[in-house]
Every structure is written in C-alpha cells, then in structure tokens.
C-alpha cells in the first residue's frame, strides 16, 4: 500500500512541476549585456563577421535577454591585448 501511495504522490508532483515549468521559465530574467573585443578589423568579414553572427544568434535565442556587443580591434584595446582585456575585466569575452 505504501508503494501505491508513493506513486500517486509522485505522479501528482510530476504533473504539478510540468504545469509550473513554463511559468518558472518566463519569470523576470535579468538582461545580460557583454562586450566582446575582437582581434580582427571590421574589414575581415569572415572573422569579424563570425563574432557578429554569434552575437545576433545569442540575442535571438534569448529574446534579447543576452546581448553581446562586438568591438573591432582597436576600438577598446589593440588587437593583441584582447585576452588581457578579459583578464582585467575590461570586456567579458574576446574573439582572437
């Protein structure tokens, strides 16, 4: 009898969590904005464009809640110092 009672309670709990999951997922998520320093100039579309593409995909996948602003080489730091900029928390990520 204890097993049957446990299974009923587990079933009710599972159903309740399935109903509540969408409501939890739509809670007020904070907006996150990162700055990305690239080692590439804007003229290198294959490399710089890849960072912009990832930025747009992240924004669309999260409904704009996670945004990455891409900066070309020299806009924040010189091209060879992008990893130092991440280490010093000048930017949140880098593309080298």
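Compute the FRET efficiency between residue 53 and residue 88 as 1/(1 + (r/R0)^6), taking r as their Cβ-Cβ distance and R0 = 30 Å, and round to the nearest 0.05. Walk me through the numbers on the way to the answer.
Values: r = 27 Å, r/R0 = 0.89.
Between residue 53 and residue 88 the formula returns 0.65.
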Inset, instruction - First obtain the Kirkwood hydrodynamic radius of the range 27-95 from its Cα pairs, then insert it into the Stokes-Einstein equation at 4 °C and 1.567 mPa s, and state the resulting D in µm² per second as a whole number. - result: 106
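Going by average Cβ density within 10 Å per residue, which order do the peptides 56-64, 36-44 take, highest to lowest? Write down the numbers at each step before the final one.
On the way: 56-64: 11.6, 36-44: 18.6.
The packing order, highest mean first, is 36-44, 56-64.
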Inset, instruction - Take residue 32, project a point 7 Å from its Cα along the Cβ direction, then tell me which residues of the range 41-59 have their backbone nitrogen under 19 Å from it. - result: 51-59
Inset, instruction - Using only Cα atoms, locate the centre of the range 62-88 and the centre of the range 42-60, then give the distance between them in Å, rounded to an integer. - result: 12
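The numbers here are math on the coordinates, done by the rules we state, and not lab data. Bear in mind that the values here come from a model prediction, so they are computed numbers and not experimental data. Positions of Cβ are backbone-derived with ideal geometry, glycine not excepted, and every protein chain shown enters the neighbour counts.
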